[in-house]
1. Could we say that residue 95 is closer than 27 Å to residue 156 by Cβ, touching a residue at least 40 places away in the same chain (Cβ under 8 Å) and surrounded by fewer than 21 Cβ atoms within 10 Å (Cβ to Cβ) here?
2. Given the criteria closer than 28 Å to residue 34 by Cβ and surrounded by fewer than 17 Cβ atoms within 10 Å (Cβ to Cβ), does residue 270 qualify?
3. For residue 156, indicate whether it is surrounded by fewer than 22 Cβ atoms within 10 Å (Cβ to Cβ), assigned by TED's automatic domain parsing to the domain that holds residue 89 and under 23 Å from the mean Cα position of the chain (by Cα).
4. Can you find a residue in region 4-17 that is closer than 23 Å to residue 177 by Cα, modelled with pLDDT of 95 or more, in contact with a helix residue (DSSP H, G or I) (Cβ under 6 Å, 6 or more places away or on another chain) and not in a strand (DSSP E or B)?
5. Report, by residue number, each residue of region 327-354 that is buried (at least 24 other Cβ atoms within 10 Å of the Cβ), more than 17 Å from residue 402 (Cβ to Cβ) and in contact with a helix residue (DSSP H, G or I) (Cβ under 7 Å, 6 or more places away or on another chain).
6. Taking the condition of being in contact with a helix residue (DSSP H, G or I) (Cβ under 7 Å, 6 or more places away or on another chain) and either outside any helix (DSSP H, G or I) or under 21 Å from residue 170 (Cα atoms) (or both), how many residues in region 54-74 meet it?
7. Quick test for you: out of 17, 30, pick the one residue that is buried (at least 18 other Cβ atoms within 10 Å of the Cβ), on the phi > 0 side of the Ramachandran plot and in contact (Cβ under 8 Å) with a residue 40 or more places away in the chain.
8. Which ranges mark the helices (runs of 4 or more DSSP H) fully within region 237-352 that have 2 or more residues being over 18 Å from the mean Cα position of the chain (by Cα)?
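The values are calculated or read from the model by the stated rules, or taken from the named source; none is laboratory data. Remember, predicted model here, so these are calculated numbers, not experimental data. Positions of Cβ are backbone-derived with ideal geometry, glycine not excepted, and every protein chain shown enters the neighbour counts.
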C-alpha cells in the first residue's frame, strides 16, 4: 500500500522576495523581480534584463573563505533549505545519527554550478591560473550541489541531483514523492536552485533568439506569458526548497501540513532538442498521469500553475495541452504563470511554481499572471490576468515543460 506524502516546510530565495512570506507578498500583489542586469555589463547586448536576486548576502550562508570554491547555487540552496527546515519544525542539530540517516536530499537544477565553471574558464584563459579554485572539479560537478546541503545540515540519507532541464525541480519533488510513498525514505529535502545569469548563458540564449529584447527600458514588463505582444522569456535565478515527509510521521509530530502530493506524471515527446511538438499530447499526458495517480477527475482541479515561459511556442502549446488534458473543464479552470514576475529560473522553475501554489492554497488567493493586457487569441484560457483572485483551492496541478521534449506535472491537494 502506498504511503501518503505531504509538504511541511517551504523556503524561498526569489528575485521578487527573499524568504517565504516576502516572496508570497510580492507574488500575490503582482510585484516583479525582473530588473536590469547588474551581475556583469550587459550594455553591449540586445538583452539587458533578468530576474536577479538582489540583497542576498551569500556570506551569511557560506564562509568567506569557502565562497570562491563553490557556485552561487550553494548559498541560495542552503538559505532556502534552512528556512524550509525551520518552517517544518525540524532541527538537524538535535537529531541523532540514526535520525539523520533517514533524511535524504534531492535537488533539481538545470545548470547547477554553470556560473562557477564559467568563471574558472575565464580565469584560466586570461592567464590567471593561480586564481582558479582547487575545487574546480568537484564544485563543477552537478552532483556535489546536493552534497553541499547534506554536509551543511548533517543529512546522511541519499543525496542526489536531478537535472532534466526546466522540469528538474518538478522531477526532484516527484522522485521525493516516489521514495517516500514506497517506503524507501521518510523525509526528503527537495526543491530546485539555479543561477544562470552569466554572460555565456545570456549570449547562448540570444543566439537561440528566445529571450525578449524589447523591454530593456521597462524590465518589469519584459516577461509577458500568454500575451499577444510577447517576444521571448526573461532568464531568472533563485532557490525554492521543501520538507517532504510521510503523512503519519508529520501528523505525529504536529507539523503544519501545506498540502499532499497526490500524483506525479512525466513524459517525453522524443521530438526535438528545444522545440515543442505542436499537438501538445505529451504535456497533456503528464498532467493526466498525475491526476490518474491521485485518483481525481479533471473537474476536481481548481487551479493550475502554468509553465508559462512567455515564448510564443510554449504558451500556445501549453494552452493546447490544457484543453487536451482537461477537456471542457479547461475553459472553467483558473491558472497563472509565476514567470511573469520572476523570469525563468530554468531548472528551479517547477519548485517556484509549487511554492506559489502551496501558499495560494493556504491563503485562498490565486496569484496573477502580470503584463497580460492583450491576450494572444490562441491563448484563450483564464490566466488570472494582472490581479490576484480569491479562490478556494482544494486540488491543483503544477505543470512544467523542458528542452529535450520533457514534460512533468505534480498534483497537489489539501489534506482534510
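1. yes
2. No.
3. It is false that residue 156 is surrounded by fewer than 22 Cβ atoms within 10 Å (Cβ to Cβ), assigned by TED's automatic domain parsing to the domain that holds residue 89 and under 23 Å from the mean Cα position of the chain (by Cα).
4. Yes, region 4-17 contains at least one residue that is closer than 23 Å to residue 177 by Cα, modelled with pLDDT of 95 or more, in contact with a helix residue (DSSP H, G or I) (Cβ under 6 Å, 6 or more places away or on another chain) and not in a strand (DSSP E or B).
5. Once the filter is applied, which keeps residues that are buried (at least 24 other Cβ atoms within 10 Å of the Cβ), more than 17 Å from residue 402 (Cβ to Cβ) and in contact with a helix residue (DSSP H, G or I) (Cβ under 7 Å, 6 or more places away or on another chain), region 327-354 yields 341, 342.
6. Kept after step one, since they are in contact with a helix residue (DSSP H, G or I) (Cβ under 7 Å, 6 or more places away or on another chain), are these residues of region 54-74: 58-59, 61-62, 67, 69-74.
In the following step, the residues that additionally are either outside any helix (DSSP H, G or I) or under 21 Å from residue 170 (Cα atoms) (or both) were identified as 61-62, 70-74.
Of the residues in region 54-74, 7 are in contact with a helix residue (DSSP H, G or I) (Cβ under 7 Å, 6 or more places away or on another chain) and either outside any helix (DSSP H, G or I) or under 21 Å from residue 170 (Cα atoms) (or both).
7. Selected residue: 30, the only one of 17, 30 that is buried (at least 18 other Cβ atoms within 10 Å of the Cβ), on the phi > 0 side of the Ramachandran plot and in contact (Cβ under 8 Å) with a residue 40 or more places away in the chain.
8. By residue number, 247-252, 281-294, 312-326.
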